[in-house]
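Trainee: Below: one structure in structure tokens.
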Amino acid sequence: MLKGVSQKVIEVVHTDNRYFEKAILFLRPNVQGEDRADLNAQAGEYLGQLHYHPQKSARKKCSWMDLVKFTGAALLGAGAACAFFLL
């Protein structure tokens, strides 16, 4: 949550990461008066330490109980359809 409008930020546009185009870092109030070049160097160093490895979407395996539920629902639906058309 961002409070107030006096927050200072550093926007890093070249992240050298294939997943992220840019990063936005919010400065702490006690370091806002520091040298800009030093802050930019610290931002680059911090982003270099981050390692993002997205998880591959794992397929959910169908358990026996899921198969029994699906088969029961299909049989119940087929029975209801047959009863509707036979009446």
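Trainee: What is the local net charge at L25, summed over the other residues whose Cβ is closer than 15 Å to its Cβ (Lys, Arg +1; Asp, Glu -1)?
Mentor: In short, -1.
Trainee: Would you please give the residues with an amide H less than 5 Å from that of K8, counting only those at least 5 places away or on a separate chain, with H modeled from the backbone geometry?
Mentor: Distant-sequence amide H within range of K8: L27.
Trainee: Can you give the angle from 0 to 90° between the axis of helix 36-49 and the longest principal axis of the chain, with both taken from C-alpha atoms, to the nearest 10?
Mentor: So the inclination is approximately 30 degrees.
Trainee: For the chain, just list the percent of Cα-Cα distances falling in each 5 Å bin from zero outward, please.
Mentor: 2, 9, 13, 11, 9, 7, 5, 4, 5, 6, 7, 7, 6, 5, 3, 1, 0
Trainee: Treating the angle as unsigned and between 0 and 90°, give the value, to the nearest 10°, between the Cα long axis of helix 64-86 and the longest Cα principal axis of the chain.
Mentor: Orientation of helix 64-86: about 50 degrees from the principal axis.
Trainee: Using 7 Å Cα-to-Cβ label points, what is the I24/E11 separation (nm, one decimal)?
Mentor: Once both label points are built, they end up 0.8 nm from each other.
Every read-out reported here was derived from the displayed coordinates using simple, explicitly stated rules and does not represent laboratory data. All figures in this text were calculated on a predicted structure; none of them were measured in a lab. Reconstructed Cβ throughout: ideal geometry from the backbone, glycine too, with neighbour counts over all protein chains shown.
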